[in-house]
Each structure stands twice: as structure tokens, then as C-alpha cells.
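One structure is given here, and the rest of the page talks about it.
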Amino acid sequence: MLRILLGEPPRVNSGVLAEAMNHMAEVAARLRKEMNSHEDHDHECRKQEIWTRGLISSLDELEQSWFAARFYRKSVIAGYMDDMSSMEQGEYARYVYFYKNGFIRVFSLLDKLGTVLNSLYNLNTSKVKTHYSYFTVLRQFQTLHEHSVLAEQLNSIKNTYSEPLENLRKRRNAEIHYMNAEMQDDLWQRHQGLHDKIRLEDIDSHLRDLEQVLEMVCRTLSKVYSSSNQQWAISIAKGESPK
């Protein structure tokens with residue numbers, strides 16, 4: 001959608017994004033087929049299908065936010081706010097909007113995935129923490145030791161991207177609980193010199209963080225849904241419910 005608004009050609013999925021999308025779409029189709037074949041009295045298949053399609057939409061929106069932020073970043077040339085023309089300030093504001101939209105969507109998507117995992121593997125994470133995140137679910141996953149292979153794979157993916165993930169987490173927390181994330185550096189600079197010009201944050205570094213975490217999200221979704229698809233294929237072959 002955003003690519004069309006920006007005058008860009010539609011996205012062609014490739015790499016880890018395509019893998020994640022394909023695995024989720026395959027699981028959603030399998031669930032739909034199961035519902036058509038059986039009555040799904042407990043509505044478990046329907047619930048999982050809705051959640052899966054929701055994650056597909058969330059991943060699409062996250063990728064679009066990253067793309068739009070990168071698109072508008074190209075028009076930001078000046079290194080200081082005071083040196084920007086009004087047009088460039090507008091482009092910078094649009095970059096900030098989509099960048100922040102991106103890192104907020106990262107944690108929203110991961111927490112939705114945590115809900116799916118908690119339900120799919122009966123983790124009962126709410127007994128550990130009432131309002132839990134993906135990372136709480138991942139710790140619970142490891143604690144129970146019932147699905148240790150998948151739990152270790154997901155934890156390994158998280159650890160691989162620990163630095164950019166932590167950077168985005170700090171900016172998300174600042175944005176939601178403290179102040180606009182892009183203004184934190186401004187505040188620090190004001191402490192150094194009240195009348196000095198404000199240098200822009202390291203935009204390229206921030207975009208690299210978002211791109212790397214987008215990759216982390218894709219790899220995580222791909223691993224969860226490829227594993228689930230394999231398990232459900234075995235269950236269905238045995239005549240069991242894919243739950």
C-alpha cells in the first residue's frame with residue numbers, strides 16, 4: 001500500500017520475508033482446510049487461523065513502515081535541524097513518523113506471537129506474569145523443557161540480534177513512557193550547550209537497527225510456523241486435530 005502512495009512498484013517478497021510469509025500462509029491454509037473437513041467445535045482452528053492472518057498483516061505493516069522510513073530518509077541531507085529548509089523538515093518528520101511506527105510495531109507483533117505460542121503450546125504464561133510479552137513467553141518456553149528444540153532455536157535468534165533489539169526497546173520505552181524518542185539526543189545536546197545547534201540523531205544507524213530487527217522478526221516467525229506446520233502435518237496424518 002505505502003509503496004503505491006510513494007510512487008514505487010509493489011513489493012515482491014524475497015529472502016527471509018518471503019519465507020515467513022509463505023510459512024504463515026501455508027499454516028493458515030491448512031487450518032482453513034481442517035475447518036472445512038471437520039466441525040471445529042472448540043473453534044481452536046478458527047482462532048489460530050485468525051491469529052495467523054493477523055500476524056501476516058502485522059509483518060506486512062512492519063516491513064512497509066521500514067521501507068517508508070528509508071524512503072523519506074533519502075531526502076534528509078542537512079546534519080542539523082537549524083540548517084533544514086521547511087521542505088526538508090517535512091521529509092524528516094515523515095521519516096520520524098514511519099521509523100517510530102516501525103519500532104512500535106516490532107514489539108506489538110512479537111507480543112501477538114507470544115499469545116499464539118502461549119496458546120499453541122499450553123504454556124500458561126499468565127500464571128507467571130498477568131500481562132506478559134513475547135520475551136516472557138520465551139522464558140516460560142525454556143523453563144518447561146517440553147519443546148526444548150524450538151525454544152532454543154527462538155532464543156538463539158533473539159540473541160543473534162540482541163544489540164539492535166535492545167536499542168529499539170529503549171527507544172520504544174522512551175517513546176511510550178518518557179518522551180519522543182528522537183528528542184532524547186536533543187535533550188542531551190542541550191545539556192552540553194544551550195545555544196548550540198542541534199545535530200540530528202544517527203539516522204542511518206537507527207534504520208540499520210530497524211532493518212536487522214525486521215530480519216529477526218521474519219526469522220522468528222518462519223521458525224515458529226515451519227515447526228508448527230511440520231507438527232500439524234504429522235497430527236493430521238494420524239487423524240488428529242492440528243491443535
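Considering each residue of the stretch 88-112, count those that are within 16 Å of the chain's Cα centre (by Cα) and without any contact (Cβ under 8 Å) to a residue 12 or more places away in the chain, and give that number. Give the derivation first.
Start the filter on the stretch 88-112 by keeping residues that are within 16 Å of the chain's Cα centre (by Cα), which leaves 98-112.
Subsequent filtering for residues that are without any contact (Cβ under 8 Å) to a residue 12 or more places away in the chain retains none.
Qualifying residue count, the stretch 88-112: 0.
Restrict the check to the stretch 113-129 and report whether at least one residue is β-branched (Val, Ile, Thr), free of Cβ contacts under 8 Å to residues at least 24 places away in the same chain and buried (at least 16 other Cβ atoms within 10 Å of the Cβ). Spell out the reasoning first.
Initially, the stretch 113-129 is screened for residues β-branched (Val, Ile, Thr), giving 115-116, 125, 128.
Imposing the further condition that a residue be free of Cβ contacts under 8 Å to residues at least 24 places away in the same chain reduces the set to 125, 128.
In the following step, the residues that additionally are buried (at least 16 other Cβ atoms within 10 Å of the Cβ) were identified as 125.
Scanning the stretch 113-129 turns up at least one residue that is β-branched (Val, Ile, Thr), free of Cβ contacts under 8 Å to residues at least 24 places away in the same chain and buried (at least 16 other Cβ atoms within 10 Å of the Cβ).
Looking at Glu8, is it within 15 Å of Phe67 (Cα to Cα), out of contact with any His (no Cβ under 7 Å at 6 or more places or on another chain) and surrounded by 10 or more Cβ atoms within 10 Å (Cβ to Cβ)?
Yes.
Looking for something surrounded by fewer than 20 Cβ atoms within 10 Å (Cβ to Cβ), acidic (Asp, Glu), assigned to a helix (DSSP H, G or I) and out of contact with any strand residue (DSSP E or B) (no Cβ under 8 Å at 6 or more places or on another chain) - is there at least one such residue anywhere in the stretch 91-107?
Checked the stretch 91-107: at least one residue is surrounded by fewer than 20 Cβ atoms within 10 Å (Cβ to Cβ), acidic (Asp, Glu), assigned to a helix (DSSP H, G or I) and out of contact with any strand residue (DSSP E or B) (no Cβ under 8 Å at 6 or more places or on another chain).
Within the stretch 148-167, is even one residue touching an Asp or Glu at 6+ places or on another chain (Cβ under 6 Å), part of a helix (DSSP H, G or I) and not β-branched (Val, Ile, Thr)?
Yes: the stretch 148-167 contains one or more residues that are touching an Asp or Glu at 6+ places or on another chain (Cβ under 6 Å), part of a helix (DSSP H, G or I) and not β-branched (Val, Ile, Thr).
Ser162 passes all but one of (1) of a type in the set (Gly, Ala, Ser); (2) over 25 Å from Arg53 (Cα atoms); (3) at pLDDT below 80; which number fails?
Condition not satisfied by Ser162: (3).
Which residues, counting only those in the stretch 140-151, are surrounded by 16 or more Cβ atoms within 10 Å (Cβ to Cβ) and free of Cβ contacts under 8 Å to residues at least 40 places away in the same chain?
Gln140, Phe141, His147, Ala151
Across the stretch 176-218, which residue is modelled with the lowest pLDDT among those that are charged (D, E, K, R), farther than 16 Å from Lys100 by Cα and out of contact with any helix residue (DSSP H, G or I) (no Cβ under 7 Å at 6 or more places or on another chain)? It would help to see each step written out before you state the result.
Pass one, the stretch 176-218, residues charged (D, E, K, R): 182, 185-186, 190, 196-197, 199, 201-202, 204, 208-209, 211, 215.
Checking which are farther than 16 Å from Lys100 by Cα leaves us with 186, 190, 196-197, 199, 215.
Now restrict to residues that are out of contact with any helix residue (DSSP H, G or I) (no Cβ under 7 Å at 6 or more places or on another chain): 186, 190.
Values: Asp186: 49, Arg190: 44.
The qualifying residue modelled with the lowest pLDDT is Arg190.
Find all pairs meeting these conditions: Cβ atoms under 6 angstrom apart; at least six residues apart or on different chains; first residue within the stretch 61-75 and farther than 23 Å from Met21 by Cα; second residue of a type in the set (D, E, K, R).
Close Cβ pairs (under 6 Å, with a partner that is of a type in the set (D, E, K, R)) amount to Tyr72/Glu91; Tyr72/Arg94; Ser75/Glu91.
Name the residues in the stretch 13-27 that are exposed (fewer than 10 other Cβ atoms within 10 Å of the Cβ) and either modelled with pLDDT under 95 or part of a helix (DSSP H, G or I) (or both), would you?
Gly15
Can you name the residue in the stretch 120-136 that is of a type outside the set (S, T, N, Q) and not in a loop (DSSP other than H, G, I, E, B) and, of all such residues, is farthest from Leu109 (Cα to Cα)?
It comes out as Lys127.
Of all residues in the stretch 28-50, which are of a type outside the set (Asp, Glu), surrounded by fewer than 19 Cβ atoms within 10 Å (Cβ to Cβ) and in contact (Cβ under 8 Å) with a residue 60 or more places away in the chain?
Residues satisfying the conditions are His38, Lys47.
The values are calculated or read from the model by the stated rules, or taken from the named source; none is laboratory data. Being a predicted model, the structure only gives us computed values, none of them experimental. Every residue, glycine among them, receives a Cβ derived from its backbone with ideal geometry; neighbour counts consider all protein chains shown.
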